[in-house]
Amino acid sequence: MTIRSVHHTAIIVKDLDRSIYFYQDLLGLTLSQEPSGWMEGESLAKGTGVPGARLRNALLRIGSDATLELLEYDNRPVDNDQPIQQNYLGAMHIALRVDDITAKKAELESKGVQFMADVNAFDEGALAGWRWVYFRDPDNISLELVEVAYSNEDERKTRIRDYLDTRPSLESLI
């Protein structure tokens, strides 16, 4: 069996309603499932690996084929407002593709969103043509705006083939 696609990406948020406001009203994602009621029970606890799990969720569409799930747990073990550094094991971010990164950044700044830096650009290598900038949501989850200004598909495919031909064997990695 083949994996067909990514169904959704989920993030844990402190306040579901506040996060819906941020992702829908500020970023422009589309609410595709209204917030659920509180869910709990043994199968949820076992399925999530969280003893006593109690949560509610909502889904938002990103473009035409991606879904973001927001999950609010009622029994988070610790409130930690400190952002997870991007080089920590397990850290993640969501990159949102835009057509005009400068205009989108300015729009979000006018709504109070603070960015970590100015727009960055890659002029060579695997990410040549990318313009990008990081920011955080209200729960300090890392987000990125990306504009792909250009891409050389032939060079990209050649680099992928070269990597696959020269990468270390699986046995040497474990």
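Can you tell me how many residues in the range 81-104 are hydroxyl-bearing (S, T, Y) and out of contact with any strand residue (DSSP E or B) (no Cβ under 9 Å at 6 or more places or on another chain)? Residues in the range 81-104 being hydroxyl-bearing (S, T, Y) and out of contact with any strand residue (DSSP E or B) (no Cβ under 9 Å at 6 or more places or on another chain): 1 in total.
If I filter the range 107-120 for residues that are of a type in the set (F, W, Y) and within 30 Å of Y23 (Cβ to Cβ), do I get at least one hit? Taking every residue of the range 107-120 in turn, at least one turns out to be of a type in the set (F, W, Y) and within 30 Å of Y23 (Cβ to Cβ). Taking the numbered list (1) in contact with a Ser or Thr (Cβ under 7 Å, 6 or more places away or on another chain); (2) among the hydroxyl-bearing types (S, T, Y); (3) in contact (Cβ under 8 Å) with a residue 40 or more places away in the chain in turn, T9 passes all entries but (1). Out of all the residues in the range 53-71, which are of a type outside the set (A, V, I, L, M, F, W, C) and touching an Asp or Glu at 6+ places or on another chain (Cβ under 8 Å)? R54, R56, N57, listed by residue number. For the range 1-15, filtered to residues that are surrounded by fewer than 10 Cβ atoms within 10 Å (Cβ to Cβ) and among the hydroxyl-bearing types (S, T, Y), the residue that is farthest from A91 (Cα to Cα) is T2. Number of residues in the range 126-174 that are loosely packed, with under 10 Cβ neighbours inside 10 Å and not in a helix (DSSP H, G or I) equals 4.
Where helices (runs of 4 or more DSSP H) sit wholly within the range 1-111, those with at least 2 residues that are at pLDDT below 95 occupy 42-48.
Run down T48, T67 and say which single residue is under 30 Å from N120 (Cβ atoms) and either surrounded by 10 or more Cβ atoms within 10 Å (Cβ to Cβ) or free of Cβ contacts under 8 Å to residues at least 40 places away in the same chain (or both).
Values: T48 fails: under 30 Å from N120 (Cβ atoms).
Being under 30 Å from N120 (Cβ atoms) and either surrounded by 10 or more Cβ atoms within 10 Å (Cβ to Cβ) or free of Cβ contacts under 8 Å to residues at least 40 places away in the same chain (or both) holds for just one of T48, T67, which is T67.
When the range 87-141 is filtered for residues that are under 22 Å from G63 (Cα atoms), in contact (Cβ under 8 Å) with a residue 40 or more places away in the chain and among the aliphatic types (A, V, I, L, M), the ones remaining, listed by number, are M92, I94, A95, L96, V98, I101, L108, V113, I141. Scanning the range 141-170 for residues that are under 18 Å from W130 (Cα atoms) and modelled with pLDDT under 85 gives A149, Y150, S151, N152, E153, D154, E155, R156, K157, R159, I160. Scanning the range 22-38 for residues that are without any contact (Cβ under 8 Å) to a residue 60 or more places away in the chain, of a type outside the set (S, T, N, Q) and surrounded by 13 or more Cβ atoms within 10 Å (Cβ to Cβ) yields G28, L29, L31, P35. Within the range 22-43, the set of residues being out of contact with any Leu (no Cβ under 8 Å at 6 or more places or on another chain) and within 14 Å of E72 (Cα to Cα) comprises E34, S36, G37.
The values are calculated or read from the model by the stated rules, or taken from the named source; none is laboratory data. Please read these numbers as outputs of a predicted model, since none were measured by experiment. We place every Cβ from the backbone using ideal geometry, glycine too, and count neighbours over all the protein chains shown.
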